[in-house]
Every structure is written in structure tokens, then in C-alpha cells.
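A.B. asks: The following block contains the structure, expressed as C-alpha cells.
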Amino acid sequence: MKIRIIRCNINRKFVRSGCTPYSGSLTTTSMNETVQVENVNWNRQVYQRLKLALSLGLRRQILFAVCDNLNLRNRIAARLHSNLAYPVAKVLYQRSHVGELSTPAYPRLVTLRLNINDPNPIAQINQWLANYPPPLVGKSPDNPGKPLPIPAFQIVGVEMLTKQSVAGQHLFLDHLRLNEQYLFSKESNNFLESSLLFWVSRPWLYAIQQSAPKFWHCRNGVFIFAGEPTPTVDNRHYPVDFNHQDNVELKNYSTLPIKQDHRADLPEVNYQNSPVNDGVDNSVNNNLMEVITEKSAHLTNQCFPSLSAINPELQELIRAALSNPGETNPQENYEIQNLLREIEQLHCQQAPGDELAIAYQNLGNLYRTRIEEGSINLENLMTAILAYQEAVSHDEHSAELPNILNDLGTLYWMLHRIPNNSQEAQMYLEQAIDFYKLALKLVPSDIQPDIYSRVQNNLGTAYGDLSKFSEHKENWQLALIAYHESLHYRDETREPLKYAACQNNLGTAYWHLAQYHEPLVNLKKAIAAYKLAVNYYQPSEEPFKYGMIQNNIGTAYWNMSQYQEPMINLQLAIEIYQEALQYRTPDSYPHGYAATQNNLGIAYWHLANLPETSKEDRQKFILSCIDAYEKTLKIADGHGNLPLSFNMWMTYNNLGLAHYHLVSDKSFQGDKNTVSEHLEMALDNYLKALTGFTPKTENYENTMNYIITTVRTFHNKLGIHGQNLALSKLPGNLIPEVLPKL
């Protein structure tokens with residue numbers, strides 16, 4: 001799923017699949033059966049992105065939804081209103097105290113039909129807000145209270161301007177231009193505190209783009225729906241159908257490769273109770289956060305019950321999952337149908353809220369179980385989220401509320417892991433953090449220390465992941481606060497492995513903070529935290545975790561070598577990497593083994609290039625570097641789908657450098673055959689690296705320069721015969737680029 005969520009940035013354009021800013025003419029296709037199916041699937045995906053863009057309450061968003069089919073536009077706008085106007089997650093706006101959870105009914109999305117006689121949408125929004133100001137929450141004799149958030153607004157009826165005079169049409173565009181200067185000023189209108197969605201046809205989209213360019217450049221997203229154009233009909237006197245529901249289908253996407261330059265691999269975060277192997281050598285891996293237990297379940301598609309009272313969005317998500325044969329098993333399908341019937345019956349009986357909340361929570365738990373077993377896709381995540389939010393909306397005083405909020409935080413955290421754009425991922429993380437912080441308000445740390453500690457640990461991990469997108473130093477500092485708080489309430493004698501996992505996360509947070517602030521101080525704290533964590537793991541019982549933390553300690557020492565006592569710290573890093581490799585073996589943990597071997601090669605390389613390293617030791621260390629890199633690449637090449645946390649092409653490049661420097665060093669004593677052998681290996685590895693780099697990028701140009709230098713060295717050390725040998729190894733397309741530079 002991709003959502004177009006981008007903070008306004010004038011003079012900057014972003015393009016995302018499914019919600020693409022206008023970039024020229026749009027082709028239309030004849031409406032045969034295949035095209036209809038494709039349009040329906042496309043529109044379902046675009047709708048989900050638009051709905052989520054509006055549902056999370058981000059500030060200062062200007063969005064455009066493009067739809068030429070007015071009937072389809074009316075249905076989609078109605079659906080957005082029915083799902084978002086009064087959201088189920090009212091608890092997000094609750095008061096601070098557990099006993100003050102009630103929230104006045106106030107919409108989160110307002111639908112306004114443009115006044116074509118005075119087409120000023122901003123004035124209409126301000127008039128609505130003047131008539132219906134946000135109510136105060138938490139007001140008491142000692143507390144002035146806090147207003148609820150400004151709603152989002154969707155504007156429909158722009159197409160009716162086509163029936164107006166040219167002057168009337170220009171008046172609408174003039175109002176947009178007049179409001180450009182207020183978009184980001186301190187005196188900006190209240191609507192900018194939320195989102196503004198314009199429903200337009202393609203002609204009006206082009207008109208806004210051309211006639212109000214500054215307003216257009218302030219857009220945050222454009223969502224284009226497919227459909228045949230329909231004539232403009234004056235429907236101002238007919239209400240939008242708020243009951244029609246369209247099917248929604250969601251989609252998963254594959255991951256993208258991770259880029260990394262020539263440096264030691266990142267430490268790893270330790271997640272407890274994970275159904276997927278941990279230890280991907282990055283601060284992000286494919287594990288669930290603390291909350292989940294392992295079970296096994298699948299679904300099969302059977303008869304879907306007839307429902308009317310249950311949120312149609314939730315129904316459609318379940319329908320989409322049930323329609324996938326690979327996701328089903330009769331027993332779990334039967335459980336889902338029974339739960340849906342039970343919820344429907346409770347609604348019809350007007351059952352108490354706590355009974356409905358329990359039923360919805362059971363539905364959320366069932367989908368959480370599917371996620372726990374590794375079925376992590378958009379449908380399951382969104383179904384669990386909607387079910388839990390329904391549970392919260394029906395019983396805001398439940399004793400289970402902290403656990404549900406923690407689960408919601410974790411589900412949103414997991415959403416950010418599904419491949420998407422960075423703005424979307426950041427949005428999900430911020431939502432996860434909001435839920436975790438809300439859960440912490442409801443958990444007394446002295447009475448429920450286990451839950452409190454668990455949520456703090458999850459909060460720390462979410463802040464750490466958020467640091468990749470914004471405010472690196474500040475978010476890692478917040479992560480440290482959360483991890484320290486978690487450790488303060490975690491019983492190391494009763495749950496030693498969870499205590500150790502949090503200590504490892506604390507070490508990783510210090511390691512990351514060291515990249516931005518007081519490196520020596522924070523690296524020393526990272527090492528101390530890692531060493532404390534590793535004491536709780538017996539290598540024979542927890543080889544993966546033990547090896548992972550040893551790898552993290554080695555990486556911290558490698559970083560220390562950049563600031564003080566390089567010889568000592570690099571030797572310590574090498575010693576610890578070698579210890580880690582006893583438990584990160586090619587058979588038991590191939591990607592962890594490859595990551596640590598890669599780190600070992602880097603450490604040997606830096607040790608070889610220290611000024612105080614003797615000539616004899618330099619040769620020995622470079623040979624060890626070559627051996628480590630070759631073992632890394634043997635595993636990486638032998639496992640095509642291995643989730644590597646380092647850039648394999650950089651490792652090829654670095655291996656080429658090691659071979660080259662071995663024989664170009666004045667202390668090298670080998671004969672010409674050995675020189676030729678290492679230079680050939682250098683050239684071969686550079687050429688392999690080049691296949692993984694994009695032309696004209698820095699990495700590509702650097703490797704090309706290494707190739708040219710190596711060809712020259714062939715000539716200098718082995719004469720014209722050596723140069724011809726080198727040139728014979730080059731692909732034909734590189735010859736014209738290399739020859740002029742020799």
C-alpha cells in the first residue's frame with residue numbers, strides 16, 4: 001500500500017504510484033470487461049491511500065482527488081464521510097485521567113458542497129468553524145480544557161462551476177490565488193491545522209495547475225480514480241448517498257535493497273517472542289515487537305455472512321483476505337464467520353458496549369494471531385487495527401484498554417515496515433508512538449510494571465525507527481529515555497531474557513546517538529549496555545542472540561577506533577567478531593554470518609592502514625581482510641534471497657581494493673605471477689561491483705577510477721603484455737571509456 005502523505009513543500013514535487021501529481025496528458029481506454037476489473041482494483045487501492053491520508057489527522061495537507069465519473073465520485077466521497085466523520089478511535093482525544101474518557105461527538109471529516117455563487121472554499125470552512133467550534137475536552141474548575149482537533153474538510157461540487165459564466169469560474173481560481181499567501185504564515189486559516197481535500201475533474205485539475213500555480217505547488221498529494229467521464233448534472237439539491245459501499249482491496253509490495261557504504265555494519269535491535277529469525281544487521285529487522293505469542297492458523301474462503309450493522313470497511317477487508325485461497329483454512333474461517341455473526345447479533349440487540357468491545361477484541365486477536373505466525377500483510381494489519389479500534393470505541397473504560405492500545409501501536413509500527421515511501425512510513429510511526437504514549441497514560445507503573453515496561457520498550461523502538469526520517473538526535477534521546485524507563489520496571493530475575501533484550505536495545509540507541517552527539521561518551525555507554533546484556537545469554541542455549549550482541553559489541557569497538565586508541569579498539573573489535581562467528585555460522589545463520597564476516601573484513605582493512613602498523617603486519621592484515629570478504633561473498637552469492645544488511649556490491653569493490661593494495665604496497669615480496677593474480681582478482685571484483693552500481697553515481701565513478709588505476713598498474717608492473725591482459729578482461733562497452741584515460 002502506498003499513501004500520498006507529504007508535508008507541504010513549495011517548489012518540490014513528489015511522485016508516488018497510485019496518487020501521482022499531474023504530469024501531462026492522461027490516456028483513456030475503452031471500457032471492456034478487463035479494463036473494468038483493472039479500474040475497480042485500481043480504485044480500491046487509491047481509495048485506501050486517500051482514506052488513510054485523511055484518517056490520521058496530519059496538519060497542513062492539501063489533497064486533490066480526481067474523478068471524472070460523478071456517480072463514482074459521490075459514492076467515494078460518501079464512503080469517506082461515513083468512515084471518517086466520527087472515527088472509532090475517539091480515545092485518541094481523551095482526557096488525561098482514566099475516569100475522564102468520554103469525548104463529545106465532533107466530526108473528524110466535514111463534507112462541504114462548494115457555493116458556486118461565491119466559490120471561496122476557505123471562507124466556507126472558516127464559516128463552518130465559526131458555527132461549530134471544536135468543543136473543549138478536560139475542562140474543569142482547575143483546568144481550562146483543550147479543544148479537539150480541527151476536522152478535515154472535503155470540498156465537492158467544483159464541477160458545477162462549469163455551468164457558470166467565465167467570470168464565475170475565474171472567481172474560484174482567484175480565491176485560490178488570494179489564499180496562497182496565507183498558506184504557511186502564522187496568520188493562516190484554521191483549516192490548515194488539518195487537511196483539505198478537493199474533489200475535481202481532470203479539466204479543473206489542469207485549470208488549477210495553470211491558473212493557481214502556487215496553490216498547486218502546495219499540494220501534498222493527488223489521488224486519481226479511474227472511470228468514464230459523465231455529464232455534469234446539477235445535483236446540488238440531492239444528498240450524497242452515505243450508505244453505498246464499494247469493495248476495497250489492498251495490496252502488498254516487495255522490499256527494496258539497503259544501501260550502505262564502506263563501514264562496519266549497524267548494531268541490531270533485539271525483539272522478544274518473534275516468529276521470524278532476528279539478527280538482520282540493521283536497527284530494523286523483520287520481527288514483531290514485544291506483545292505477540294506464536295500460533296499457527298490460516299483461512300479458507302467460505303460463505304460470507306450477510307451483515308448490516310458492522311463497519312463496512314471492516315467487512316471488506318475480511319472479504320479481501322477470505323478471497324485469497326493461500327490464506328485460508330476451514331477452521332479459522334469458521335471462527336471468523338461466527339465472530340462476525342455474534343457481533344452483528346450484539347449490534348441488533350443493542351447490547352452493552354462492553355460486550356461489543358469484547359467481541360471486536362476477539363476478532364482483532366484472531367487476526368493478530370495470523371500476524372504472529374508470519375502472515376504480515378496489509379489486509380491482516382488493517383483488519384486487526386479496525387477491529388481493535390471498534391473495541392476501543394465501544395468500551396473506553398475496559399481493563400484491557402492499555403493492552404489494546406499497545407497492540408494498536410505495534411500494528412501501526414508494523415505498517416511502517418511494509419515497503420512504502422518515507423513520508424508514509426513516518427506517518428505510521430508517529431501514529432504508533434501516539435498509541436504507545438496513550439497506553440502509558442492508562443498504566444500505573446507501580447501496579448502493572450510488566451505492561452508498563454513492555455510499552456516503554458516498544459515506544460523506544462518506535463522512536464529509534466522514527467529517527468531515520470527526522471530529528472535523528474532528538475528521537476534517539478527519546479528512545480533512550482523510554483528504554484531506561486522500561487529497564488527500571490523490568491524484573492531481571494523473573495524475565496532475564498526480556499531484560500537482556502531491552503539492554504541490547506539500549507546499547508543500540510546509545511550507538512546511534514553516538515553518530516550525532518558525544519561519540520566517545522555514548523559509545524562507551526553502548527558497550528557497557530551490550531556487555532551487561534550478553535551476560536544473560538548462555539551461548540549453548542541462545543547462540544543466535546549471543547552472537548548478535550557480540551557482533552554489536554564488535555561494531556561499537558570499531559566505532560571507538562575512529563576516535564581513540566585505534567590499534568587497541570580495532571584489535572578488540574576483531575577478537576569479538578571472531579567470537580561472534582563461532583555462533584553465527586554459515587549453516588545456522590547465513591545472513592548473520594555474512595554480516596559479521598563483512599565487518600571483520602572492514603576491521604582488518606582499517607587495522608592494516610594504521611600508520612603504526614608494521615609492513616609485515618600490514619600484509620598479514622590485508623590477507624585476513626581478503627579472506628573475510630571472500631567468505632562474505634561466498635555466502636551472499638550462494639543464497640540468492642538472503643536478507644543482507646550490507647551492500648554486497650560495496651563488498652566486491654572493497655575486496656578489489658584489498659587485492660590491489662596488497663601488491664601495490666612497496667613491502668610486497670611476491671613474484672610477477674602473484675602480482676598478476678592479485679591484480680586480476682582486483683579487476684574482476686571491481687567489474688562485479690560495477691554491475692550493481694547505477695551509472696554516473698558516486699559509487700560507479702569511484703569504481704571506474706579504480707579500474708583505470710588497476711589497468712595502469714598492470715602496465716607499470718607487467719608491461720604491455722600486462723596491460724593487454726587487463727584490457728582483455730574489460731567488457732566491450734567500457735573500452736571507449738577506459739582507453740582515453742590511460
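The values are calculated or read from the model by the stated rules, or taken from the named source; none is laboratory data. Everything numeric here is computed off the predicted structure, so don't read it as measured data. Cβ: placed from backbone, ideal geometry, glycine included. Neighbour counts: every protein chain shown. Surface areas here come from the heavy atoms of the whole protein model, side chains and all, with no ligands, DNA or RNA. Shrake-Rupley method; radii C 1.70, N 1.55, O 1.52, S 1.80 Å.
A.B. asks: What spacing in nm lies between the two simple spin-label points modelled at D446 and E698, each 7 Å away from Cα in the Cβ direction?
C.D. replies: It is 5.3 nm.
A.B. asks: State the three equivalent ellipsoid semi-axes of the range 629-685, derived from the C-alpha gyration tensor as the square roots of 5 times its eigenvalues, in descending order and whole Å.
C.D. replies: 27, 10, 8
A.B. asks: Do any trypsin sites (Lys or Arg not before Pro) in the range 568-671 lie in a DSSP loop with no more than 11 other beta carbon atoms within 10 Å, and if so, which?
C.D. replies: Of the trypsin sites (Lys or Arg not before Pro), the ones in loops of the range 568-671 whose Cβ has at most 11 other Cβ atoms within 10 Å are K666.
A.B. asks: Would you mind listing how long the range 578-692 runs along its three principal axes, going by Cα atoms, in whole Å with the largest first?
C.D. replies: 40, 32, 20
A.B. asks: Here's a follow-up. Of K620/K666; K696/K741; K498/K531; K631/K688; K441/K468, which pairs sit farther than 20 Å apart, going by alpha carbon to alpha carbon?
C.D. replies: Those over the limit are K441/K468.
A.B. asks: For a quick check of your reading of the filter: which trypsin sites (Lys or Arg not before Pro) in the range 422-484 sit in a DSSP loop and have no more than 16 other Cβ atoms within 10 Å?
C.D. replies: K468
A.B. asks: Return one whole number: the accessible area per residue of the range 437-508 in Å², for a 1.4 Å probe.
C.D. replies: With all protein chains present, the range 437-508 gives 39 Å² per residue.
A.B. asks: Counting every Cα pair in the range 552-606, what percent are over 19 Å apart?
C.D. replies: The share of Cα pairs beyond 19 Å in the range 552-606 comes to 22 percent.
A.B. asks: Quick one: divide the alpha-carbon radius of gyration of the range 465-508 by 2.2 N^0.38 Å and tell me what you get.
C.D. replies: 1.27
A.B. asks: For the range 354-442, what ratio Rg/Rh do Cα atoms give with a Kirkwood hydrodynamic radius?
C.D. replies: With Rg and the Kirkwood Rh in hand, the quotient comes to 0.98.
A.B. asks: Determine the gain in length on full extension of the stretch K531-N117; use 0.36 nm per residue of separation and subtract their C-alpha separation, reporting nm with one decimal.
C.D. replies: Separation in residues times 0.36 nm, less the Cα-Cα distance, equals 141.9 nm.
A.B. asks: List the chymotrypsin sites (Phe, Trp or Tyr not before Pro) within the range 498-600 that DSSP assigns to loop and that have no more than 12 neighbouring Cβ atoms inside 10 Å.
C.D. replies: Here the sparse-neighbourhood loop sites are Y563.
A.B. asks: Please state the shape class of the range 455-528: rounded when a/c is under 1.5, otherwise prolate if a/b exceeds b/c and oblate if not, all from the C-alpha gyration tensor.
C.D. replies: Oblate, because a/c is 1.5 or more while a/b does not exceed b/c.
A.B. asks: What Kirkwood hydrodynamic radius do you get for the range 336-378 when you take the inverse of the mean 1/r over all pairs of distinct Cα atoms, in Å?
C.D. replies: In the range 336-378 this quantity evaluates to 11.1 Å.
A.B. asks: Please express the shape of the range 516-622 as an equivalent ellipsoid: the semi-axes are the square roots of 5 times the eigenvalues of the C-alpha gyration tensor, given largest first in whole angstrom.
C.D. replies: Ellipsoid half-lengths, sorted descending, are 24, 19, 10 Å.
A.B. asks: Each residue of the range 75-81 in turn: what ³J(HN,Hα) in whole Hz from Karplus with 6.51, -1.76, 1.60 and θ = phi - 60°, glycine and Pro shown as x?
C.D. replies: 5, 5, 4, 5, 5, 4, 4
A.B. asks: A further question follows. Expressed as a fraction of 2.2 N^0.38 Å, the rule-of-thumb size for a compact globular protein of N residues, what is the C-alpha radius of gyration of the range 623-742?
C.D. replies: Cα Rg divided by the expected 2.2 N^0.38 Å: 1.07.
A.B. asks: Let me ask something else. What are the equivalent ellipsoid semi-axes of the range 406-493, built from the alpha-carbon gyration tensor (square roots of five times its eigenvalues), in whole angstrom, biggest first?
C.D. replies: Square roots of five times the eigenvalues give 24, 14, 10 Å.
A.B. asks: I need the shape label for the range 423-559. Rule: rounded when a/c is under 1.5, else prolate if a/b > b/c, else oblate, with a, b, c from the alpha carbon gyration tensor.
C.D. replies: Judged from the Cα gyration tensor, the range 423-559 comes out oblate (a/c at least 1.5, b/c at or above a/b).
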